[in-house]
Amino acid sequence: MDDTPLSRPARPSTAAGDIARLRLELASVSPQTTVEQAADLFLQPELARLLSLPVVEDGRPVGTISRHQLNGIFLRRFGRERRHQREVIEGRV
């Protein structure tokens, strides 16, 4: 029997092991994070594959910011100049 992935016996899986393999440690942003700061996070090599980041306040998720949303801002005419210092979630008390 050779050692190719198809010839190896399957390892028994556990729910905890399956969940642990799916878990990904990643950065989160606060509602006060600027759009420019959030965009800079997406440029970090370790976050290159992420499509969105959680927005967390007091340990609780309050939203997400996505690459698509940022692209929409930066691709608009004068978008970066007008919006780069705005917070990712404005108007929160």
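Each value in this text was obtained by applying a stated rule to the coordinates, not by laboratory testing. Because the structure is predicted, anything quoted here is derived from the model rather than measured. Heads up, the Cβs are rebuilt from the backbone with ideal geometry, glycines too, and the neighbour counts pull from every protein chain shown.
Taking trypsin sites (Lys or Arg not before Pro) across the stretch 32-80, the ones in a DSSP loop with at most 11 further Cβ atoms lying within 10 angstrom of their Cβ are R49, R76, R77.
In order along the stretch 26-37, phi translates into HN-Hα couplings of 8, 6, 10, 10, 9, x, 8, 4, 6, 4, 5, 5 Hz, rounded to whole numbers, per the Karplus curve 6.51 cos²θ - 1.76 cosθ + 1.60 with θ = phi - 60° and x for Gly and Pro.
The phi-based Karplus calculation (6.51 cos²θ - 1.76 cosθ + 1.60; θ = phi - 60°) puts the 3J(HN,Hα) values of the stretch 42-58 at 5, 7, 5, x, 6, 10, 4, 8, 6, 9, 8, 10, x, 9, 10, 10, 6 Hz, whole numbers, x for Gly and Pro.
Among 37-44, 56-63, sorting by the average number of other beta carbon atoms lying within 10 angstrom of each residue, highest first, gives 37-44, 56-63. Taking 1.002 mPa s as the viscosity and 20 °C as the temperature, the Stokes-Einstein diffusion coefficient of the stretch 15-75 based on its alpha-carbon Kirkwood radius rounds to 169 µm²/s. Each label was represented as a point 7 Å from its Cα along the Cα-to-Cβ direction; for H68 and E46 these points are 2.7 nm apart.
Close amide-amide hydrogen proximity is noted between E57 and V62, each under 5 Å apart and 5 or more residues distant or on a separate chain (H modeled in the peptide plane; Pro and chain starts excluded).
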